[in-house]
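Reading through the structure tokens given below for one structure.
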Amino acid sequence: MIDDLYTKVNYTLKPAAISPTKFVTSDLLVDQVEDWSEVRSPSRARRRMKQGHRQNVHHRVVPSSKVIQQGDTMVMHPATLDALQKVLDKQTMDYVDKQFLNALYGGVVR
């Protein structure tokens, strides 16, 4: 199958009381953006570009931040999955730290 060439299943997240979620990565989920940072005057460059003059506008391909969800499967770019994993790890560590401090001090720590 063609889809198997471009996608791979990384891991499965199994939170309590929710069906397991599969995260599938695909290198095809990218956005094309124009980089106008090297142009001195963007309005003048746009006007001259319409006339056919070459400008210092660079077209770049960046990972898409969009996530496609189909049932219990989420498809995203590997860079987006890494960013999501870092956020979830930080939230998990914050939760664990709060639970530890609550047990240590016997009160609610915010």
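The values are calculated or read from the model by the stated rules, or taken from the named source; none is laboratory data. For clarity, every value in this text was computed on a predicted model and none was experimentally measured. Glycine gets a Cβ as well: all are built from the backbone with ideal geometry, and neighbour counts include every protein chain shown. Just so you know, the surface numbers come from the protein's heavy atoms only, side chains and all, with ligands and any DNA or RNA stripped out. Shrake-Rupley method; radii C 1.70, N 1.55, O 1.52, S 1.80 Å.
Quick one: how many residues across the range 54-98 are among the small types (Gly, Ala, Ser) and either more than 11 Å from the chain's Cα centre (by Cα) or open to solvent by 70 Å² or more (accessible area, probe 1.4 Å) (or both)?
Of the range 54-98, the ones among the small types (Gly, Ala, Ser) are 64-65, 71, 79, 83.
Adding the requirement that they be either more than 11 Å from the chain's Cα centre (by Cα) or open to solvent by 70 Å² or more (accessible area, probe 1.4 Å) (or both) leaves 65, 71.
Of the residues in that region, 2 qualify.
Mind telling me which of the residues Asp31, Asp35, Asp27 ends up being over 22 Å from Asp89 (Cβ atoms), at pLDDT 80 or above, in contact with a Phe, Trp or Tyr (Cβ under 7 Å, 6 or more places away or on another chain) and not β-branched (Val, Ile, Thr)? So that I can check it myself, show each step before the final result.
On the way: Asp31 fails: in contact with a Phe, Trp or Tyr (Cβ under 7 Å, 6 or more places away or on another chain); Asp35 fails: in contact with a Phe, Trp or Tyr (Cβ under 7 Å, 6 or more places away or on another chain).
Checking each option against the conditions leaves just Asp27.
Considering only the range 25-42, how many residues are acidic (Asp, Glu) and closer than 21 Å to Leu84 by Cα? Working first, answer last.
Keep residues of the range 25-42 that are acidic (Asp, Glu), which gives 27, 31, 34-35, 38.
With closer than 21 Å to Leu84 by Cα added as a condition, the list becomes 27, 31.
Of the residues in that region, 2 qualify.
Do you know which residues across the range 14-24 are within 23 Å of Ala83 (Cβ to Cβ) and modelled with pLDDT under 85? Quick ask: steps written out before the conclusion?
The initial filter retains those residues of the range 14-24 that are within 23 Å of Ala83 (Cβ to Cβ), namely 14-15, 18, 20-24.
Lys14, Pro15, Ile18, Pro20, Thr21 - these are the residues of the range 14-24 that are within 23 Å of Ala83 (Cβ to Cβ) and modelled with pLDDT under 85.
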